[in-house]
Structures are given as structure tokens and as C-alpha cells.
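So the structure is just underneath, and the comments pick up after that.
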Amino acid sequence: QVQLVESGGGLVQAGGSLRLSCAASGRTFIKNYPMGWFRQAPGKERDLVAAISWSGGSTYYADSVKGRFTISRDNAKNTMYLEMNSLKPEDTAVYYCAARETIMRLTNTKYDYWGQGTQVTVSS
């Protein structure tokens, strides 16, 4: 079993920055798992924001965050990050990290393990 714990959310003004972290535990080979960040705003579906291959060599970004967000991972620390810059009010959502055991296209939204989420609120 894999446990994922997000941190780093909070309240920030538009144009500001936040860095989310996702700490993984429970299996030592989590470093081999593709991982991703999702977000869900009130009344909306949970959407894939960014994804990263197990090595970190390949990444995917939703068009809405491309150029503003950066996904990365440190496999030695079993931690994934989401650097969010130039934040907009429409980025307000609960952000979830996820991991899966199988290698699929980074755009695939099927994940096996989920964190509990961290709230990001961007004020205008």
C-alpha cells in the first residue's frame, strides 16, 4: 500500500506563488511510479493538472497551467512537487497528488493511489 500526503497549500494573492509537496510512503519502489497532480474546484470535476514519469524525464501539463506550473520529483526523498507561479483566481481548488503502478500515457487519468488533498485559494 502507498500513502500520499500533500502539503504547501494556502491562501495567496493573484500573481503569487506556492509550492506543493507530495510525500510518499509505504513502498520503497514508489520511485518507479508515474505520478500526477489533480485539482477539483467546487462544483467541478477533478482534472489532471500535471503528470511526471517515474524518472522525471517526461512531463505533461494541462493547457491552463502550461508556462506557470512546474512538476518535479525527488525519488531519493520519495517526494513530488508542484511549483505554481503567476497564480490566478481560477486556480483555486483542492489539489490532489496521485500515483499509479503501471506505465501509461501521462495524459491518462487512471491512478491507483491518492492523497487527501490540500486547499489552494487565490484571491483577486
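The values are calculated or read from the model by the stated rules, or taken from the named source; none is laboratory data. Note that this is a predicted model, so its numbers are computed, not measured. When we count neighbours, we look across all protein chains shown, and the Cβ atoms used for this are built from the backbone with ideal geometry, even at glycine. All accessible areas refer to the heavy atoms of the entire protein, side chains included, with ligands and DNA or RNA removed. Shrake-Rupley method; radii C 1.70, N 1.55, O 1.52, S 1.80 Å.
Close contacts from the range 97-117, counting a first residue that is farther than 16 Å from I30 by Cα and a second that is part of a loop (DSSP other than H, G, I, E, B) and of a type in the set (K, R), with Cβ to Cβ under 8 Å and a gap of 6+ residues or different chains, come to K110/R100. Whether any residue in the range 25-43 is small (G, A, S), in contact (Cβ under 8 Å) with a residue 12 or more places away in the chain, surrounded by 15 or more Cβ atoms within 10 Å (Cβ to Cβ) and over 16 Å from Q119 (Cβ atoms) is what I want to check. Scanning the range 25-43, I find at least one residue that is small (G, A, S), in contact (Cβ under 8 Å) with a residue 12 or more places away in the chain, surrounded by 15 or more Cβ atoms within 10 Å (Cβ to Cβ) and over 16 Å from Q119 (Cβ atoms), so the answer is yes. For the range 80-110, the candidate set comprises residues that are out of contact with any Phe, Trp or Tyr (no Cβ under 7 Å at 6 or more places or on another chain) and at pLDDT below 95; within that set, the residue that is surrounded by the fewest Cβ atoms within 10 Å (Cβ to Cβ) is K110.
For (1) within 20 Å of Q1 (Cα to Cα); (2) over 15 Å from the mean Cα position of the chain (by Cα); (3) not aliphatic (A, V, I, L, M), each residue gets a yes or a no:
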{"residue": "R27", "(1), (2), (3)": "yes, yes, yes"}
{"residue": "E45", "(1), (2), (3)": "no, yes, yes"}
{"residue": "R68", "(1), (2), (3)": "no, no, yes"}
{"residue": "T79", "(1), (2), (3)": "yes, no, yes"}
{"residue": "T102", "(1), (2), (3)": "yes, yes, yes"}
{"residue": "T107", "(1), (2), (3)": "no, no, yes"}
{"residue": "D112", "(1), (2), (3)": "yes, no, yes"}
{"residue": "G115", "(1), (2), (3)": "yes, no, yes"}
{"residue": "V122", "(1), (2), (3)": "no, yes, no"}
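A count restricted to the range 45-54 and to residues that are open to solvent by 70 Å² or more (accessible area, probe 1.4 Å) and either assigned to a loop (DSSP other than H, G, I, E, B) or touching a helix residue (DSSP H, G or I) at 6+ places or on another chain (Cβ under 6 Å) (or both) stands at 3.
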